[in-house]
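Down below is the structure, laid out as structure tokens.
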Amino acid sequence: MSGLHLARRGFLVMSSTGLLLGTRTLAAATPAAPSRKAAFTQRFLEIAPDGTVTVFAKHLDMGQGIWSGLAAIVAEELGARWNQVRVVGAPARMPDYAHTVFGSQTTGGSTSIANSWDQLRAAGATARAMLAAAAAARWQVPAASVSIADGMVTSGARSASLGRFAAAAARLPVPGNVPLKDPAQFTIVGQRRPRLDLPDKVRGRTGYGLDTNWPGIKALVVLHPPRFGATLIDHDPTAALALPGVLAVEPIPTGLAVIGETTWHALRGRAALVATWDETTAETRSTAAIMAAFKAQMAGEPPTAETRSGDAATVLEADGSVIEAQFEFPYLAHVPIEPLSVAGRLSGGRCVLRSGFQSQTSNQANAARILGLPVEAVELETVPAGGSFGRRADFGPDWFDELVYALKATDGRWPLRLMWSRDDDIAGGHYRPMTLQRLRAVLDEDGAIAAFDQSIVGQPCFPLPAGAPKPKEPSIGVTIGHFADQYACQASRLAWWYPEVGVAPHTYRAISNNHNGIAKEIFVDRLARAAGVDPVAYRLSLLGHEPRQQGVLRLVAEKAGWDRPLAPGLHRGVAVHRADDSHVAQVVEISGTPEHFRIERVVCAIDCGLVIDPDTVLSQAEGCIGFGLSSALYQEITMDASGLVEQSNFHDYRILRMPQMPRRIEVHIMPSAARPTGVGEPPSVPVAAALVNALEAMGAPPVTRFPLIRKGVA
Amino acid sequence: MIRAGALLLPALLIAGAAIATNAPPERANDLRSPESFATIADPTARSRALFGEMARVIEHPRCLNCHPATREPLQRDLEPHMPPVDMTVQSRAMECQTCHHDANTPTYAGGVASIPGAHGWKLAPASMAWVGKSPRAICEALKDPARNGKRDLAAIHEHMAQDHLVGWAWHPGGTLAPVPGTQARFGALVQAWIDSGAACPLD
């Protein structure tokens, strides 16, 4: 792994050295030279005289391929040649790089393409218009006769690389309201293309935050209290500081920062620390006790907030045939494969931070506040991240703040690179909240839902600020994807209880769709059985107002051969869900027995509007399916009777391995001209429910809790 | 395949312990001495009882983990080895010794305090698969030259009493529970079992 030396305009040089390789084929053996100084620079792109187009991506690429996707939008409207396109992370700068819906520079909700679509098309089209005008002036031809495609500017018999006109275009006024391409003319968007980050990732050259190797950089690890919410009373660093290579030990708000020559030195120093903690306000309950408290709260207290449509309560109380289900969802850790890491240096009143930042505005503001610097003095270099699943978003004091506190405590004496080890990560809180779900329904004589009630106990995944008053409406951090939001109910109630728990919640892939969607899709299957109706047909009958959900449901049923009997020994289940304005339906087929089964096939149908790159949709669908199965089958964070987290690494917080992956995954993309919507999260939702529906069709007892497989339990 | 069923194996450990005879050891982690079995007059019965004491080592997870029923080693308390290892597919691709070196390696990780190690770390051959077998079946397999690596009884004693990989079980490192007693005591029990006719348990 080559060291990445950061020069003054380090982030562009580093990124360009790293990412320029992305434009080469795998056959190329020599590293590329840094790109020449750009001749044409705008907010989202710059063009070099040699025709290299660099796109500034305001969002984080955490492996979901968004940098290639955003670049494709710009390249399409610009008329660039794909193998001359590079991507770097945009600086942290508002309002230039704001998420057009969320309002700050941040990535999440599978909205990167959706919120950037118009903006980047305009950026590419504007640059194209300016280049065409420059060419028209140079060639003395009408501007309307100039076209740009595949990196070449053409008018009649004349053509030249678009780089040739970059400098001249930069001197022209910027036009407004430039017409956009007709999507029927797209040659880049909608096509399979080699992703720009692939060659570097294959060669191990991608510079992740964890790879930062500035001259003189030291390693930083943090000793956290063993229980959530505990604070440091006292510590003795003597033994740690006596070890070779241990440079400093500094108290910071979340624990003790240990700085060493290398990560190994720092870890060794941390292991030698003596610390005492004040646990009077710590969370010392077990997760079993916390769930028991949830049940008591639901049964014994009025909800914190509820919404009603019609009067479901009367029907539910009057009717003797209430169908009811209860589900327990555990705390989940995201475990992105690149450990949480951030590097930083502080000198001369300026701070530079480097990581896969998911919430740049917030990260930058926090750093500035901690250091007492103006926001403009904090520079963020956003590099690709090795996975996130929501973990790298900023919700309260977290690892990136720890690095800044350590820089402050040491007065910027050394550049530092902080890493949370896998153990630190799994035991570190910031989990998908534990959630208790109870669903109840009464059907009318046609099988339609006459009354429906959903009761949820759980922390919102967007943490409420400390001391904030209890919400008056169910928090969106708990309700996104709930049953009555998608299925037709003649009357419904959604009730939510806010629990006091000392475990930090966090956004996790698909936000609250990841429990609402699963509960919904298992429950609706049971309603279908009660109504004596086929599960696909039953869902269709409740989705008359959601034609795009009906569309993917019909597509998946067709592709899975739902109307044909299964081969002997196979069972199947179906699930459908809308998340982030995309629509996904999945069928899971299994063989074996409920105690010993194999997932033979998953068929997935997805409607995400206009597709930027079908390969990305396929890979996200496959990854989401593996991710959703991992959590449903194996994963839970448990705390023992004293509040200690029991899991620590991938041996006891398992992820799906190759032998357990479905034997076949088939993904079908619904052709659509609708506005593009996201694919990073939606396909992770239905698969767990479709699997449970298949297991229950196979004769497994009704599922009531996740994960499905627990150590020592049948 | 996804195994969702309960683990059957801990039940076998309990069955093995039930064979141990009347007088309990001084401490739960001690092995009884061969002399303490002298009260059993009949040599065959004494032999079976001695094997029962040997079984407290043989059927302990430190030993059973590398004598699995399939070609997948186990770890800790007969749990799936993580990262997953299947020697039917990996025997040429990845040596055990890639991660398991000549000595126990302490880590700075919270949940895995040490990576076990001893020279020549490897899985027992398939013919020596013991997990899921009754004590009688293990005993018979142990004595069968076709399955025990062509060993006679003297060679079996030497293996149990002297082999360093067997000896690792008494010094597993980290937070792993060692097998009871000492290798010297275990070797003495094996010798006494051989001397009394090397009889196998009835079940």
Among the candidates A:Arg578, A:Arg548, A:Arg564, A:Arg598, residue that is farther than 30 Å from A:Ser112 by Cβ, touching a residue at least 24 places away in the same chain (Cβ under 8 Å) and either in contact with a Ser or Thr (Cβ under 9 Å, 6 or more places away or on another chain) or away from chain B (no Cβ under 14 Å) (or both) = A:Arg598
message = Quick check on segment A:473-514: of everything there that is among the hydroxyl-bearing types (Ser, Thr, Tyr) and not in a loop (DSSP other than H, G, I, E, B), which residue is farthest from A:Pro463 (Cα to Cα)?
response = A:Ser492
request  = All but one of (1) in contact with a strand residue (DSSP E or B) (Cβ under 7 Å, 6 or more places away or on another chain); (2) within 14 Å of chain B (Cβ to nearest Cβ) hold for A:Glu666, so report the exception by its number.
outcome  = (2)
key: Residue that is within 14 Å of chain B (Cβ to nearest Cβ) and either assigned to a loop (DSSP other than H, G, I, E, B) or among the β-branched types (Val, Ile, Thr) (or both), where the choices are A:Arg285, A:Arg205, A:Arg227   = A:Arg227
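In the list A:Gly477, A:Gly412, A:Gly396, which residue meets the criterion of being under 19 Å from A:Leu353 (Cα atoms), in contact with a Cys (Cβ under 9 Å, 6 or more places away or on another chain) and among the small types (Gly, Ala, Ser)?
A:Gly412
Hand me the list of strands (runs of 3 or more DSSP E) wholly inside segment A:232-279 holding 3 or more residues that are surrounded by fewer than 18 Cβ atoms within 10 Å (Cβ to Cβ).
The qualifying strands (runs of 3 or more DSSP E) are A:274-278.
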remark   = Condition set touching a Gly at 6+ places or on another chain (Cβ under 9 Å) and in a loop (DSSP other than H, G, I, E, B), scope segment A:96-123, selection surrounded by the most Cβ atoms within 10 Å (Cβ to Cβ): answer is A:Ser110
key: Test for B:Val112: is it in contact with a strand residue (DSSP E or B) (Cβ under 9 Å, 6 or more places away or on another chain), among the aliphatic types (A, V, I, L, M) and assigned to a loop (DSSP other than H, G, I, E, B)   = no
request  = Look at A:Ile655 and say whether it is away from every other protein chain (no Cβ under 13 Å), surrounded by fewer than 19 Cβ atoms within 10 Å (Cβ to Cβ) and of a type in the set (A, V, I, L, M).
outcome  = no
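Quick grid of which residues meet (1) away from chain B (no Cβ under 14 Å); (2) assigned to a strand (DSSP E or B); (3) touching a residue at least 40 places away in the same chain (Cβ under 8 Å):
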site: A:Asn366; (1), (2), (3): yes, no, no
site: A:Glu381; (1), (2), (3): yes, yes, yes
site: A:Gly387; (1), (2), (3): yes, no, yes
site: A:Glu402; (1), (2), (3): yes, no, yes
site: A:Leu418; (1), (2), (3): yes, yes, yes
task = Give the residues of segment A:501-535 that are buried (at least 23 other Cβ atoms within 10 Å of the Cβ) and more than 31 Å from the chain's Cα centre (by Cα), sorted by residue number.
result = A:Leu527
message = The conditions are (1) surrounded by 15 or more Cβ atoms within 10 Å (Cβ to Cβ); (2) of a type outside the set (Ser, Thr, Tyr); (3) within 14 Å of chain A (Cβ to nearest Cβ), and B:Pro106 fails exactly one of them. Which is it?
response = (1)
task = Being assigned to a helix (DSSP H, G or I) and touching a Gly at 6+ places or on another chain (Cβ under 9 Å) is the filter here, so list the residues in segment A:524-541 that pass it.
result = A:Asp525, A:Leu527, A:Ala528, A:Ala530, A:Ala531, A:Pro535, A:Tyr538, A:Ser541
task = Could you run through segment A:232-282 and say how many residues are touching a residue at least 40 places away in the same chain (Cβ under 8 Å), hydroxyl-bearing (Ser, Thr, Tyr) and away from chain B (no Cβ under 14 Å)?
result = 3
inquiry  = Quick check on segment B:85-95. Is at least one of its residues part of a loop (DSSP other than H, G, I, E, B), within 14 Å of chain A (Cβ to nearest Cβ) and surrounded by 16 or more Cβ atoms within 10 Å (Cβ to Cβ)?
reply    = yes
ask   = Could you say whether any residue in segment A:294-303 is among the hydrophobic types (A, V, I, L, M, F, W, C), within 25 Å of A:Ile637 (Cα to Cα), more than 30 Å from the chain's Cα centre (by Cα) and exposed (fewer than 15 other Cβ atoms within 10 Å of the Cβ)?
value = yes
query = Just to be sure, is A:Val692 in contact (Cβ under 8 Å) with a residue 60 or more places away in the chain, within 14 Å of chain B (Cβ to nearest Cβ) and surrounded by 18 or more Cβ atoms within 10 Å (Cβ to Cβ)?
reply = yes
task = Tell me, yes or no, whether segment A:601-608 has at least one residue that is surrounded by fewer than 21 Cβ atoms within 10 Å (Cβ to Cβ), over 28 Å from the mean Cα position of the chain (by Cα) and either at pLDDT below 95 or in a strand (DSSP E or B) (or both).
result = no
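Please verify whether B:Glu59 is away from chain A (no Cβ under 14 Å) and within 17 Å of B:Val190 (Cβ to Cβ), treating the condition exactly as stated. Full working, then the answer.
Working: away from chain A (no Cβ under 14 Å): yes; within 17 Å of B:Val190 (Cβ to Cβ): yes.
Yes: the conditions hold for B:Glu59.
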query = Is it true that some residue in segment B:62-79 is more than 14 Å from every other protein chain (Cβ to nearest Cβ), at pLDDT 95 or above and more than 27 Å from A:Tyr634 (Cβ to Cβ)?
reply = yes
task = Can you confirm whether segment A:642-650 contains a residue that is more than 24 Å from A:His583 (Cα to Cα), surrounded by fewer than 18 Cβ atoms within 10 Å (Cβ to Cβ), in contact (Cβ under 8 Å) with a residue 40 or more places away in the chain and over 23 Å from the mean Cα position of the chain (by Cα)?
result = yes
task = Report, by residue number, each residue of segment A:470-491 that is small (Gly, Ala, Ser) and either modelled with pLDDT of 95 or more or under 16 Å from A:Ser309 (Cα atoms) (or both).
result = A:Gly481, A:Ala484, A:Ala488, A:Ala491
key: Selection within segment A:387-417 - of a type in the set (Gly, Ala, Ser) and modelled with pLDDT under 95   = A:Gly396
query = Among the residues of segment A:169-189 satisfying the criterion of being small (Gly, Ala, Ser) and surrounded by 16 or more Cβ atoms within 10 Å (Cβ to Cβ), which is nearest to A:Phe56 (Cα to Cα)?
reply = A:Ala170
Subset tally (residues that are within 22 Å of A:Val174 (Cβ to Cβ) and either in contact with a Ser or Thr (Cβ under 7 Å, 6 or more places away or on another chain) or of a type in the set (Asp, Glu) (or both)) for segment A:59-72 = 1
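The values are calculated or read from the model by the stated rules, or taken from the named source; none is laboratory data. Please read all numbers here as calculations on a predicted model, not as lab measurements. Every residue, glycine as well, gets a Cβ built from its backbone with ideal geometry; the counts of neighbours run over all protein chains shown.
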